[in-house]
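Please treat every number below as a calculation from the coordinates, not as lab data. Everything quoted here is computed from the prediction, not taken from an experiment. Ideal geometry is used to build each Cβ from the backbone, glycine not excepted, and the neighbour counts take in all protein chains shown.
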Amino acid sequence: MKKKKCAGILLSILMFISSGCTENHQEDTEIRKPVTISILAGQSTSDAGTEDMIEDAVTERFPQVELQWECVDWGEDFFDRMRARLSSGDVPDIIIGKAQDVEGFTNAGILSPVKIKDTDIFYEEAADTVKSGSVLYGLPYNAWYQGVLYNKDIFEKYDISVPQTKRDMEKTVQLLEEKGITPFAGHFMESWKIGNLFMQSMIGNIFMDSPDWGEKFRKGRVNFSDSEEIQNCFEDIAYIYDHSFSNALSLSQADSDRLFDEGIAAMYPGGCWSLQFANQSENQYNYGIFPYPDSEGNSRLIRETNMTFMKSAYTEHGELVDEIFQMLMDDKELLNEILEFTQTFSVRKDMQEISYTCISDEVQDYVKSDKIIEAAVGNSQIVWSFQINLAEKCQEWLKGRLSLEDVLEFADRNRMDSGNLE
């Protein structure tokens, strides 16, 4: 009897262990079951290639995950592609765009809250652009600065000081042209560039003093056609165009980057994305950055939170997406790699002082002097879809095919689109 009892106990133990192993095996199989995560990435000019870096890091940490990428140009194709995906019901699990996209996508019900361990890791301005109330709806990843890049070697050679006012800029341009140097490395073939320059000017001429100008515009309380400040914005674009390369309307960004890097032009209105090309070249010019000056000398450098990860409200893999987002924030090696590649800056508090570009010292001086303004100040008031349509009309104006009055009337006729992301 005793032997039979012991045998029964042993059999029960073996059955329990076997059952437990089977459950663990089933759980392990479930964990390792391949999962496809779809991504729609709206990429800015410096971002192409970051998808490979991200995929390598995700695959190493989550071997069961297969990332299915669709990369499109943020300025030209992103919103149309997003609409098409929504209409077909093929909504991506992850959306990569800009911080300024978060508000509109959240209001449209496209996004779910992002859940990471420490939401205080970001500097306040970056976090605010991706929040609805106190809830985080986007993961800000990097930022760049916009203003005027300049060749320090040329400025030092001719004893030129950084212009503080528009009058200073006019003197600088005149001196450079007398020396046979093209003042601005302008490129106007792509309408997004015109849109970018126009918003930079609007931030300096309008939104610094009237942060709700866009709302007033949609209510008919202000107009493009009778606004002196708007006229100043168009004058800024025309001035850059008139003192740029003679074929600026047929120059691409790559062309303009190259000419600036070769020292043929002294200044480059735009952003630090253009340093990506210069950083890869053999030329060893020293570059700096300053805000495009206003009449009073009160202009600020513009900071824009760029790559922003968003979680779709339609995803069936919400927890896994959050885990991927957490990994993206924890992996400092990946972050360093992307920052260096894109010539951008971290939005993490613990990494802001790390220099990655040749303009970092000057950027930090503007930050410490509180001479920074967020691009969201303007982009949240006048949405990009309106900006790019206006830029296309502005391009026609520069070509002489439309009058400025035509462009202004177009803006006023379509004022309700300036706040509509649908």
Point-to-point label distance, E177-M53, nm (Cα→Cβ direction, 7 Å offset): 4.0
(i) 21.5; (ii) 25.6; (iii) 23.5, with the label sought being that of the calculated Kirkwood radius over Cα pairs in Å: (iii)
When each of K115/K311; K117/K349; K98/K216 is checked by Cα-Cα distance, pairs over 18 Å: K98/K216
Euclidean distance of C-alpha centroids, region 143-160 and region 46-93, integer Å: 35
Helix 78-88 axis, angle to the chain major axis (alpha carbon atoms, nearest 10°): 40
Helix axis angle, 191-202 relative to the chain longest principal axis, alpha carbon, degrees: 70
Region 149-202: chymotrypsin sites (Phe, Trp or Tyr not before Pro) in DSSP loop, at most 11 other beta carbons within 10 Å: none
Cα-based helix-to-principal-axis angle, 404-413 vs the chain, degrees rounded to 10: 40
